[in-house]
Amino acid sequence: QVQLVESGGGLVQTGGSLKLSCTASGRIVTIRTMGWYRQTAGAQRELVADIDSSGRTTYADAVKGRFAISRDNAKNTMYLQMNSLKPEDTALYYCNADVAAAPTWATRGYWGQGIQVTVSS
């Protein structure tokens, strides 16, 4: 019913920048909170940042001051601007969104397939 597609990942050197995008499509009624998570091998998926429908944001301590989350509600798209990247930011990044979708209008969480971000030292 709802699909999330991430883009913008890749390989960057320490100190570089990347901008991730996540676009939702399908029978969307409304999108509530959207967020970026990341996961490395053998570790649990962790929250990087999230943003609610009013634009209120939350950041993990590890990325505060370096990453900025934003969204364009008209485009059903969320962004993550990542600056001053460090090798420890290397991970598979996942998009998550709480979406109310037709025909039930029930809200549930959806995940993207993930996109790799690699920061070389």
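The values are calculated or read from the model by the stated rules, or taken from the named source; none is laboratory data. Predicted, not measured: the structure shown is a model, and the values here were computed from it. Note: ideal-geometry Cβ built from the backbone for every residue, glycine included; neighbour counts use all protein chains shown. Remember, those area values only see protein heavy atoms, side chains included, never the ligands or the DNA or RNA. Shrake-Rupley method; radii C 1.70, N 1.55, O 1.52, S 1.80 Å.
Across 10 Å bins from 0, what is the distribution of all Cα-Cα pair distances for the chain, in whole percents?
14, 47, 29, 9, 1
With +1 assigned to the C-beta of every Lys and Arg and -1 to the C-beta of every Asp and Glu, and no other charges, what is the dipole magnitude of the chain about the Cα centre in debye, to the nearest 20?
For this selection, approximately 180 debye.
Quickly work out the residue 19-to-residue 121 label distance, labels modelled 7 Å from Cα along the C-beta direction, and quote it in nm with one decimal.
3.0 nm
Hey, which aspartates and glutamates would be in cross-link range of residue 86, C-alpha to C-alpha under 17 Å, not counting anything within fewer than 8 residues on its own chain?
Candidates past the 8-residue exclusion: 46, 61.
Computed FRET efficiency, Cβ-Cβ of residue 113 and residue 86, R0 35 Å: what is it to the nearest 0.05?
So the FRET efficiency works out to roughly 0.90.
Would you mind telling me the antiparallel percentage of the DSSP bridges in the chain, rounded to 5?
If I count the DSSP bridges inside the chain, around 90 percent turn out antiparallel.
Using a 1.4 Å probe, what is the accessible area per residue for the chain, in Å²?
Value returned for the chain: 52 Å² of accessible area per residue.
Report the extension gain between residue 39 and residue 104 in nm, rounded to one decimal, defined as 0.36 nm multiplied by the number of residues separating them, less their alpha carbon distance.
Computed gain between residue 39 and residue 104 is 20.3 nm.
Which residue, 62, 43, 101, has the most motion in a Gaussian network model of the chain that connects Cα atoms within less than 10 Å?
Maximum fluctuation in the GNM of the chain, among the listed residues, is at 43.
Within the range 51-65, find all residues whose amide N lies under 15 Å from a label point positioned 7 Å from the Cα of residue 30 along Cα-to-beta-carbon.
Only 52-56 fall inside the zone, counting backbone N under 15 Å.
Calculate the translational D of the range 1-71 in whole µm² s⁻¹ from Stokes-Einstein, where the hydrodynamic radius comes from the Kirkwood formula applied to all Cα pairs, the temperature is 37 °C and the viscosity 0.692 mPa s.
After rounding, the answer is 237 µm²/s.
Counting only protein heavy atoms and using a 1.4 Å probe, what share of the accessible area of the chain belongs to carbon plus sulfur, as a whole percent?
Exposed carbon and sulfur together represent 47 percent of the surface.
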